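A short worksheet on the structure shown next.
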Amino acid sequence: MDANQTEFENPFAMDADCENCAELCGARDRVVHGYGDVGAEFLVVGTRPTAAAERNGVPFTGPDGGELVQSIFADLGFVRSEPDAAEPEVQNVFFTNLTRCRHPERGPTDREVDTCEPFLNAEIRMINPQIIVPVGDRPLRELAVEYTTRRPDSFDVEAEHATTIRGRGFELVPMKEPADMSGEEADAFREHMRENVLSRDYRQTKGRQNR
């Protein structure tokens, strides 16, 4: 954890009362900004908060997929708490989403993703990660537009799951949506991270100084 960081939840003090999307203000319970180590070299990006994440105020927590993601990153050495922790104890990883509010009846619209983009861009800029893990098709394609030279429609998380894609300034390691991920696919992601990311000096991606 960064020596100057005092808390994991919304460490950059982003607007917790954001009202930029009128349709979401009345439907959401709370705004869920990023959570984790501000000095992280690994950034995990989902589409939107799940119902459990909204209750906890923490991305990728709870029984609807969050516990699987927490267990995977615990196995890799980034999480030191139990998978069902509402406020995980993390190191060298930051969890966030494309959008910060959850509509209980639908996914985010293109306009809502665009409206939330400054939040994600600010986190990427301030964290300056080495590896970004897009979880699901939508985050993969949104990040591809900004940070790779490939066409967004050339990406398919089914095919790209547990692989490494070279980006501009960092690498992408896509993951399927937890709800769609089999045990074998979860194991494949763990193995790829251990064998192809953590086993080498991934910092060479952008010549980052050691923390």
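The values are calculated or read from the model by the stated rules, or taken from the named source; none is laboratory data. Remember, it's a predicted structure, so these values are computed and weren't measured experimentally. FYI the Cβ positions are ideal-geometry reconstructions off the backbone, even for glycines, and counts take in every protein chain you see.
Can you find a residue that is in contact (Cβ under 8 Å) with a residue 60 or more places away in the chain, outside any loop (DSSP other than H, G, I, E, B) and not β-branched (Val, Ile, Thr) anywhere in the stretch 142-158? Yes: one or more hits.
Against the definition (in a helix (DSSP H, G or I), at pLDDT 95 or above and either in contact with a Leu (Cβ under 6 Å, 6 or more places away or on another chain) or buried (at least 24 other Cβ atoms within 10 Å of the Cβ) (or both)), how does VAL58 come out, yes or no? Here the answer is no, as VAL58 does not meet what is asked.
Scanning the stretch 73-109 for residues that are touching a residue at least 24 places away in the same chain (Cβ under 8 Å), outside any loop (DSSP other than H, G, I, E, B) and buried (at least 17 other Cβ atoms within 10 Å of the Cβ) gives PHE73, VAL90, VAL93, PHE94, PHE95, THR96, ASN97. All of (1) without any contact (Cβ under 8 Å) to a residue 24 or more places away in the chain; (2) over 19 Å from PHE170 (Cα atoms); (3) surrounded by 15 or more Cβ atoms within 10 Å (Cβ to Cβ) hold for VAL69 with one exception: (1). Of all residue pairs spaced 6 or more apart or on separate chains, those with beta-carbon atoms under 8 Å, a first member in the stretch 3-32 that is surrounded by 16 or more Cβ atoms within 10 Å (Cβ to Cβ) and a second member that is assigned to a loop (DSSP other than H, G, I, E, B) and of a type in the set (S, T, N, Q) are PRO11/GLN5. Considering VAL45, VAL38, the condition of being in contact with a helix residue (DSSP H, G or I) (Cβ under 8 Å, 6 or more places away or on another chain), part of a loop (DSSP other than H, G, I, E, B) and of a type in the set (Val, Ile, Thr) is satisfied by VAL38 alone.
With the requirement that a residue be at pLDDT 85 or above and of a type outside the set (Phe, Trp, Tyr), what does the stretch 150-165 give you? Spell out the reasoning first.
Step one: list which residues in the stretch 150-165 are at pLDDT 85 or above, which gives 154-165.
The answer is SER154, ASP156, VAL157, GLU158, ALA159, GLU160, HIS161, ALA162, THR163, THR164, ILE165.
With the structure loaded, tell me whether PRO118 is outside any helix (DSSP H, G or I) and either among the polar types (S, T, N, Q) or modelled with pLDDT of 95 or more (or both) or whether it fails that test. It is false that PRO118 is outside any helix (DSSP H, G or I) and either among the polar types (S, T, N, Q) or modelled with pLDDT of 95 or more (or both). Residue-level check: of (1) of a type in the set (D, E, K, R); (2) under 28 Å from ALA159 (Cβ atoms); (3) in contact with a Pro (Cβ under 9 Å, 6 or more places away or on another chain), ARG80 misses just (2).
Within the stretch 110-141, being free of Cβ contacts under 8 Å to residues at least 40 places away in the same chain, surrounded by fewer than 16 Cβ atoms within 10 Å (Cβ to Cβ) and within 20 Å of CYS21 (Cβ to Cβ) holds for ASP110, ASP114, GLU117, PRO118, ASN121.
For the stretch 61-72, which positions are of a type in the set (Asp, Glu) and part of a helix (DSSP H, G or I)? Passing the criteria: only GLU67.
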